[in-house]
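Everything on this sheet refers to the single structure shown next.
The values are calculated or read from the model by the stated rules, or taken from the named source; none is laboratory data. This is a predicted model, so every value here is computed, not measured. Ligands, DNA and RNA are excluded from the accessible area calculation, which covers all protein heavy atoms including side chains. Shrake-Rupley method; radii C 1.70, N 1.55, O 1.52, S 1.80 Å.
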Amino acid sequence: MSTYDTLRHFADKWGLLFMLLVFAAAVLWVYRPGARASYRAQGDIPFKHDERSAQEQPPRDQTPGRGE
């Protein structure tokens, strides 16, 4: 068996498993408990220096039923 065939056989079996594990780890990292506050703060960065005062801005939409 050539080197190409060996590497292809390895990638077909273990490469797919590795990529699946990396994807699952990324999804778990994004949806981990306590990440919402961090992502909300990062999402508000473009509006940090908005010229309107905080009293003029309507409150953020709080979706009911979502664990905060």
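Of the numbered criteria (1) modelled with pLDDT of 70 or more; (2) of a type in the set (A, V, I, L, M, F, W, C); (3) over 18 Å from the mean Cα position of the chain (by Cα), the one Ala54 fails is (1). Total residues in the range 33-45 satisfying the condition of being open to solvent by less than 100 Å² (accessible area, probe 1.4 Å) and assigned to a helix (DSSP H, G or I): the figure is 8.
Got at least one residue in the range 20-32 being open to solvent by 70 Å² or more (accessible area, probe 1.4 Å), modelled with pLDDT of 90 or more and not in a helix (DSSP H, G or I)? Checking the range 20-32: at least one residue is open to solvent by 70 Å² or more (accessible area, probe 1.4 Å), modelled with pLDDT of 90 or more and not in a helix (DSSP H, G or I).
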